[in-house]
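Each value in this text was obtained by applying a stated rule to the coordinates, not by laboratory testing. Note that the structure is predicted; figures quoted are calculated from it, not measured. Glycine also receives a Cβ, built like all others from the backbone with ideal geometry; neighbour counts cover every protein chain displayed.
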Amino acid sequence: MKKPENLSISERFADTFALPKDLIANETLIHMIGGKDLYIENYKGILAYSGCEIVIKGYCCKIVICGRCLSIAYYSDEDMKVSGVVQEVKIMK
């Protein structure tokens with residue numbers, strides 16, 4: 001956990017007004033349910049898509065999802081759901 005003096009301006013703003021840090025700092029959220037469903041919120045785009053690997057461009061990183069029978073069940077400008085057998089999730093700066 002960061003010390004208060006090491007927080008960025010946007011993180012201090014979010015703390016002060018009790019706002020979600022992911023929205024203020026443009027951070028990508030990843031929620032995984034078991035090993036079969038992955039929800040991604042606040043992303044920029046899809047860079048690569050196949051049955052064994054999906055690469056998502058976040059605002060500050062790339063998310064690489066590896067597995068079997070992967071598919072994008074739905075996506076919108078704000079969020080998406082990846083289904084299949086998720087074996088690995090890599091965050092790359």
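Please compute the net charge surrounding Cys61, taking Lys and Arg as +1 and Asp and Glu as -1 over other residues with Cβ under 12 Å from its Cβ.
Net charge in that neighbourhood comes out at +4.
Using amide H atoms built 1.01 Å from N in the peptide plane, name the residues 5+ places from Ile46, or on other chains, whose amide H lies under 5 Å from its own.
The answer is Lys57.
With θ set to phi - 60°, apply the Karplus curve 6.51 cos²θ - 1.76 cosθ + 1.60 along the stretch 69-83 and write out the HN-Hα couplings as whole Hz, x wherever there is a Gly or Pro.
Karplus-based 3J(HN,Hα) across the stretch 69-83 equals 6, 6, 8, 8, 5, 7, 8, 9, 5, 9, 8, 8, 10, 9, 10 Hz.
In a shell of Cβ-Cβ distance under 14 Å around Leu47, excluding Leu47 itself, what net charge do Lys and Arg (+1) and Asp and Glu (-1) give?
+3
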